[in-house]
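Let me begin by presenting the structure, written as structure tokens, before commenting on it.
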């Protein structure tokens, strides 16, 4: 086994665990910063370590287009290429094909499409998705799945589930890399019967970990929060559970409460680049003139380099002057916020106080907004 | 005295010295990275310290326009504002008024112009230039001078020299901040008689340091290299000498040979943002396809974070993908190159081997290009 997973503490449905990988261990529940193009935008690996990032996500679709997975393999794999020696999870590329590529045609064989960069014709099959991720050398790879849009009809969703199951099987059969774990992805939209059926089929194939797909394009937070406990509860208890592409701080807490172990989302970095800071006292828009003369840190008490070194007034200036350092510093702070939130959740689970922890945070954020 | 300067070693005209300021001491000859808008573009103060930057340059014109020097004073001064606790030198803003502002009108009173940011009407007088820099709280301030274009006729240059002398006197009279040194600027183009006359007048006023202005817009490197020994030789021996806005690595070595102690230039950072790396084996264009699969560091043996962590192939990818981290890492490396070059020059002067050091470097760069 390339990975092991142990649930160390439980608090109702929430769990705190330890995931070990060939590149070190990860305390769960964990948030994974997104390094789409072999870099978390604007941040060095040193900066990511400084906010205690444990594991990063890389994007298969982007990396096979540019610089190419064979090139990354030739240069020693994704870890060495991007200077990150801790664990990496790669997605399968399916989600990006459907959201970014053009002229997408899909059948049971796979997806054919044109690159969003140069329009060149490409194909992604379950076998190719595995091959790319084996070239990248991530610690955890994901099966190719078909993620239908939120407004798809029941027939489309049912067909996507059937195809995702078929593809998961082909991915598993094609996967050979011993130092990489391959996770399955459950689809089915908000139809719990379909989710249940999909889960049953995938669990029978015995993957080392399971993800819930489709929620980041789903019917919105209330529907997701309602569906999560059931969907997570269907998954094997002793294997890691990953909620893909979600989301806001309150969504992470809902996921943890439902028994999810792993999360990823571009929100902290994308919002950071757009001058929006997450803080425990609610969000801050650093472009707002109210921050112009403010000597306070972005979030008082935050131990990150941005908050211990600079004022809101300085951040406001950097964004007003369109200086690169603004997006860099605020991405760093937002990741610090997300990673501290998850560290707090782990601690609360260990103490058996997660429900209180969650309620307190939600109340604080509510009163701030 | 807010600063002291001691020449510790001499090697022909070249000198190695120690400049002490209220924010610490600086070994000379020194290169000052340029932090135009209260940030060296894309780099944190921590990164600047990691390549042994000793002193930064800030731009008075940019900072008074945005965020404003009163605001910076209110937030504790430029050092605290930008999180840099080592020395800072600020220019007077004159050079930027003439190169960036629009509708510039100039007379003995000062310069009136419109902001290049929002078109608002502004005025810069010698007194205001001093006031701004006192608000910024730099360790070293510069007098307001008039820097005529390279192709100006002798009458224009003569008038600019006369006005620069007049303004230097007014700056000195207006300057009150005890923890800040005010340096004078010698103008005169490539007319050595005018340079000599301007120097004599300014030396009589007894400034704690002297700069040579106008060479960055001058008649080109050969004329500058020829004029530098004479121009530097006219300056007081026991005070720091600063060659403004110059330049390429070979220009720095020519300046050091002529007895210059301080330099600043945007080349290392601007070129870094444009994917051009300085190395001892000659320049590298990281966008060039030849670097695509290259596992070598940008410069082998360079101790900077970029070179010890990443390959040329990775840098090529970052620039191809338009990722912020590319400009950041290559700016860092280029500053490391410039600062190591100056450290090497200091060591060579101490050993009495500067001429050999310079000749070896020039030969190496020549053979590489």
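Relative to the 2.2 N^0.38 Å rule of thumb, segment B:143-212 has a C-alpha radius of gyration ratio of 1.09. Per residue, chain B reaches -13000 deg cm²/dmol at 222 nm when only DSSP H runs of four or more residues are counted, each adding -39500 (n - 2.57). What gaps in nm, shortest first, separate residue B:359 from its twins in the other copies when you place the label 7 Å past Cα toward the beta carbon? Ordered by increasing distance: 8.3 nm.
Compared with the dominant Cα axis of chain A, that is its longest principal axis, helix A:154-174 is turned about 80°.
Relative to the longest principal axis of the Cα atoms of chain A, helix A:354-368 runs at roughly 60 degrees.
Here each label is just a point 7 Å from Cα along the line to Cβ, and for residue B:117 and residue B:206 those points are 3.9 nm apart. Note on the protein assembly as shown: Kirkwood hydrodynamic radius from all Cα pairs is 28.3 Å, rounded to one decimal. Give the calculated FRET efficiency between residue B:85 and residue A:289 to the nearest 0.05, with a Förster radius of 41 Å applied to their Cβ-Cβ distance. That pair, residue B:85 with residue A:289, gives E of 0.90. Need the C-alpha centroid separation for segment B:1-50 versus segment B:158-204, integer Å. Measuring centre to centre over Cα atoms gives 22 Å. Bridge orientation summary for the protein assembly as shown: considering DSSP beta bridges with both residues in this region, about 50 percent are antiparallel. Peptide B:315-325 has a mean of 6 when you count, residue by residue, the C-beta atoms of other protein chains within 10 Å of its C-beta.
Over chain B, what is the relative contact order in whole percent, taking alpha-carbon pairs under 8 Å and six or more residues apart?
17 percent
Copy-to-copy label distances for residue A:290, where each label lies 7 Å from Cα along Cα-to-Cβ, are 5.6 nm in order of increasing length. Annotation: the antiparallel percentage among DSSP beta bridges lying fully within segment A:156-294 is about 20. When its C-alpha radius of gyration is set against 2.2 N^0.38 Å (N residues), chain A gives a value of 0.97.
Quick one: compute the contact order of segment B:274-360, relative version, from alpha carbon pairs under 8 angstrom and 6+ residues apart, as a percent.
Rounded, it is 26 percent for segment B:274-360.
Principal axis extents of the Cα atoms in segment A:267-369, from largest to smallest and rounded to whole angstrom, are 47, 23, 22. If you take the Cα centroid of segment A:106-151 and the Cα centroid of segment B:316-369, the two points sit 43 Å apart. With each label modelled as a point 7 angstrom along the Cα→C-beta vector, the residue A:230-residue A:364 pair spans 3.3 nm. Helix B:221-233 and the longest principal axis of the Cα set of chain B meet at an angle near 50°. Here is how far apart the residue B:154 label points are across copies: 9.7 nm, shortest first, using a point 7 Å from Cα toward Cβ. Nearest beta carbon of chain B to the B-to-A rotation axis, with distance in whole angstrom: B:324, 3.
When the P(r) of segment A:96-139 is calculated, the portion above 16 Å amounts to 41% of the C-alpha pairs. Which percent, nearest 5, of DSSP beta bridges in segment A:1-149 are antiparallel? DSSP beta bridges in segment A:1-149 are roughly 75 percent antiparallel.
Read the figures in this text as sums done on the coordinates, not as results from a lab. None of these values were measured; they are calculated from a predicted model. Cβ: placed from backbone, ideal geometry, glycine included. Neighbour counts: every protein chain shown.
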